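The values are calculated or read from the model by the stated rules, or taken from the named source; none is laboratory data. This is a predicted model, so every value here is computed, not measured. Cβ sites come from the backbone with ideal geometry, for glycine too, and all protein chains shown count toward neighbours.
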Amino acid sequence: MGIFSSKTNLQLADHVDLNRYMGKWYVIARTINMLEKGNCNSSETYTMRPDGKIDVLYQANKKSVDGPPTTLPQTLWSVSPNNSRMKAKLFIWPLIFDYLVLDIDPDYQWVVAGTKSLLWIMARQTQMDPQLFNELVSRCKAKGYDVSKLECVTHKQVSK
């Protein structure tokens, strides 16, 4: 898991406004991991609690856009003055790991978050401009991440 990575002095986002961070984020791509591998329609909804911690609800469909639903509740809390370094606790077992905001859009329309070895590229919409996506992947590679392990997430497209 990422907490055992050798990366040090990783450049994080300058500042994260937690109020603007709240809401629904769609996972555009992620490092393949055992909890999310092959999931479709992946999203995370962030909700501020009165105690300052953040409830995160991961939702997806297993193996196809119409597959069985799955959820994974988590809790985040900031451990840095600029909120770019947080801790995350999963509820499936008492595992606490780093949650790092590596890069974020000034308008909070996309974010790159992760651990020292895992990545999540997320956006407020289910799709991302390919040029922007490629730029974000390049930035991650420059920070030392193995971007060959990124898996793009399929989202069910709704007719307008």
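The table below gives the values:
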read-out: Residue within segment 121-132 that is at negative phi, buried (at least 20 other Cβ atoms within 10 Å of the Cβ) and in contact with an Asp or Glu (Cβ under 8 Å, 6 or more places away or on another chain) present; value: yes
read-out: Test set (1) surrounded by 13 or more Cβ atoms within 10 Å (Cβ to Cβ); (2) modelled with pLDDT of 95 or more; (3) charged (D, E, K, R) - Lys7 fails condition number; value: (2)
read-out: Candidate set from segment 36-70 (those that are more than 13 Å from the chain's Cα centre (by Cα) and of a type in the set (A, V, I, L, M, F, W, C)); member that is nearest to Ser148 (Cα to Cα); value: Cys40
read-out: Criterion: aliphatic (A, V, I, L, M) and at pLDDT 95 or above - qualifying residue of Leu76, Leu118, Leu90; value: Leu76
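Each row is one residue, and each column tells you yes or no for (1) aliphatic (A, V, I, L, M); (2) closer than 28 Å to Gln11 by Cα.
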{"position": "Met48", "(1), (2)": "yes, yes"}
{"position": "Ile54", "(1), (2)": "yes, yes"}
{"position": "Gln59", "(1), (2)": "no, no"}
{"position": "Lys63", "(1), (2)": "no, no"}
{"position": "Asp66", "(1), (2)": "no, no"}
{"position": "Pro69", "(1), (2)": "no, no"}
{"position": "Gln74", "(1), (2)": "no, yes"}
{"position": "Val79", "(1), (2)": "yes, yes"}
{"position": "Ser84", "(1), (2)": "no, yes"}
